[in-house]
Structure formats: C-alpha cells, structure tokens
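These notes concern the structure reproduced below.
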Amino acid sequence: MKNELELKKILLFFLLACCWSPSFLFIKIAVDSISPILVANLRVIIGGVLLYVILKIRGISLPKFGSDWIHFAVMGFFSCALPFALFSLGEQYIDSSFAAILNGTTPLFTLVVAHFLTDNDKLTSEKLLGSFIGFAGMFFLVAPSLFGKTTTIVGIIEGLMAAASYGVGFVYAKKYIKGFKPLVVPTAQLLLASLFLLPFSIASETYYDVSRLSFMAIISVLGLGIFGSALAFVIYYKLIEITNATYVAAVNYVLPVFGAILGIFFLDEKLTWNIYLGSIMILIGVMIINGVLSKSRKVTH
C-alpha cells in the first residue's frame with residue numbers, strides 16, 4: 001500500500017510537470033498576438049468553463065455561496081489570476097525558457113510561507129541551507145539584467161512575483177482546502193479568477209485588436225486553458241491531498257528543465273552562462289529543501 005502511494009505521488013508529480021511545462025511556451029506565442037492580460041483571462045475562462053461542464057455531466061454542484069467561497073477566491077487570486085497575469089506580462093520582455101526558470105524559485109518562496117503559516121512544514125537547518133543556495137542562484141539569474149534593459153528587469157520582477165504568488169497558493173491550499181468533492185475547488189477558483197481578470201482585460205488597450213491574431217496564438221491559448229489550467233489543477237489537488245505543500249511545490253524544479261528545452265527547441269531561445277549557473281544553484285537548493293540531497297534521509301523498507 002505504501003509503495004502504491006509513493007508510485008501515485010511520482011506519477012501525479014510528473015503529470016503535473018507535463019501539463020505546466022508548455023505553459024511558458026504557449027504564453028510567449030500568445031502574447032505576440034494577444035494582450036497579456038487577455039491571454040491570462042482567456043486561459044482561466046476556458047479552464048473554468050471546461051471543468052464546470054464536466055462537473056455538470058457528473059451531477060456535481062458547486063457549494064452555495066458562503067465561507068467556502070472566500071477560500072476559493074484566495075486560491076483563485078494567488079494560484080491563478082495574479083501569477084498567470086504576471087507571467088503573461090513578463091514574457092513580453094523575457095524568453096519563455098527564462099520565465100520557466102524563474103518559476104523554479106517557487107519552492108523557495110513556498111518554504112518561507114509554509115514556515116509561518118503551517119505547523120508541520122517548518123524551516124530546518126537543511127532547508128535554510130537549501131534556501132540560501134537557491135536565493136544565491138536567483139541572484140546570478142537577475143544580476144546581469146540590473147545593468148541591462150529596464151524592460152528585462154521588469155520582466156524578471158514580474159516572474160519572481162508570480163513565483164511568490166504560487167508559493168502562497170500552495171501553502172493556502174494545503175492548510176484550508178479540504179473535504180471538497182473532486183473538481184469543485186479548481187472549477188470555483190478558475191471561474192473566480194476569470195472574474196478578477198475580466199475588468200483588466202476589457203481595459204487593456206489591445207483588447208479589440210484582432211488584426212495580429214494568429215492560428216498559433218489561438219492554439220496556445222487553448223493549450224493554456226485545457227492543459228495548463230483545467231487538467232493541471234485537477235492533478236494538483238489530487239497530489240496536494242496526499243502530500244505537503246513543499247512536496248507539491250517541488251514540481252517547479254522540473255518545470256525549468258522542460259520549459260527551457262521547449263523554448264530552445266521551438267523558439268530558438270538562447271541561455272547565457274549566468275542562467276545556467278543560477279538554474280543549477282536553484283535546482284540544488286530546492287533538492288536540499290526537499291530532502292533529495294539530504295545525508296540524514298531515513299531509508300525505509
């Protein structure tokens with residue numbers, strides 16, 4: 001039974017990585033033709049409507065409006081609306097591969113948030129060491145851009161803010177999102193995220209400019225909605241039910257690898273030495289945080 005649970009965790013972990021990894025490529029393609037906020041809004045609308053239809057087919061209803069919807073709103077904001085919008089805005093100025101790498105800092109932010117908001121996911125000496133190495137790696141990612149284009153710095157800051165927002169979402173979900181029927185939470189949070197983003201989409205200056213709309217942009221938005229939102233959050237909540245916030249956040253050290261490969265292969269993006277160095281340091285830091293490189297790990301039989 002224990003081995004089956006571990007196998008389930010691993011399978012869900014990599015399925016989630018496969019759903020989220022192409023998101024950065026899809027965003028980069030989409031924002032070339034569509035307003036960044038609209039890209040984020042369409043993503044959550046497609047995902048939310050798709051899950052709502054599935055709920056109805058299964059005969060499941062969303063809870064009546066009450067305290068539960070406060071939790072859904074918090075998740076909709078920190079796990080969907082804010083990070084999706086920030087990455088869409090940021091990828092106007094940075095490559096998709098770089099955005100994926102910035103997303104890899106999520107476990108570092110999750111570590112800090114979890115320490116203050118949970119009772120069973122506290123900082124330890126190993127986690128402090130891992131976070132120090134990880135944040136040092138983040139410095140190598142960002143430092144050269146401090147002397148470069150201002151727009152690049154803006155893109156980096158937006159990517160890091162998105163990663164921090166995901167960190168809040170991971171911890172909040174583990175602490176407060178419990179006891180709901182399958183698909184209820186992701187459906188509610190995606191629908192609420194669409195409402196949060198709607199007024200900003202309407203206000204965006206290129207909202208009605210469809211002259212630059214491309215077929216690949218449409219495919220990318222559909223990919224974001226179906227795989228990067230609907231399917232990803234179904235897997236996300238299955239995984240978070242059987243493990244802790246730090247474990248789930250660790251999926252983000254797989255995303256930079258997958259995301260960078262996709263950006264290099266499909267968009268011919270280039271990575272500089274500091275990005276390689278920073279990424280390796282972040283990967284090592286996150287692996288230490290999650291016990292992968294821990295000398296004190298207990299071997300169980």
Inter-residue pairs, beta-carbon under 6 Å, first open to solvent by less than 80 Å² (accessible area, probe 1.4 Å) and in the range 45-59, second aliphatic (A, V, I, L, M) and at pLDDT 90 or above, 6+ apart: 47/190; 47/230; 48/190; 48/191; 50/230; 51/230
So residue 110, is it among the polar types (S, T, N, Q) and touching a residue at least 40 places away in the same chain (Cβ under 8 Å): yes
Residue match in the range 203-217 (condition: under 22 Å from residue 9 (Cβ atoms), part of a helix (DSSP H, G or I), at pLDDT 80 or above and open to solvent by less than 70 Å² (accessible area, probe 1.4 Å)): no
Single unsatisfied condition, residue 97 versus (1) hydroxyl-bearing (Ser, Thr, Tyr); (2) under 21 Å from residue 79 (Cβ atoms); (3) open to solvent by less than 10 Å² (accessible area, probe 1.4 Å): (2)
Some residue of the range 45-67 being under 20 Å from residue 165 (Cα atoms) and polar (S, T, N, Q): no
Failed item in (1) open to solvent by less than 20 Å² (accessible area, probe 1.4 Å); (2) under 26 Å from residue 258 (Cβ atoms), with residue 35 passing the rest: (2)
Count of residues meeting criterion [in a helix (DSSP H, G or I) and either at pLDDT 95 or above or over 25 Å from residue 105 (Cα atoms) (or both)] in the range 169-184: 1
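The values are calculated or read from the model by the stated rules, or taken from the named source; none is laboratory data. Being a predicted model, the structure only gives us computed values, none of them experimental. Note: ideal-geometry Cβ built from the backbone for every residue, glycine included; neighbour counts use all protein chains shown. Only protein heavy atoms, including side chains, enter the accessible area calculation; ligands, DNA and RNA are left aside. Shrake-Rupley method; radii C 1.70, N 1.55, O 1.52, S 1.80 Å.
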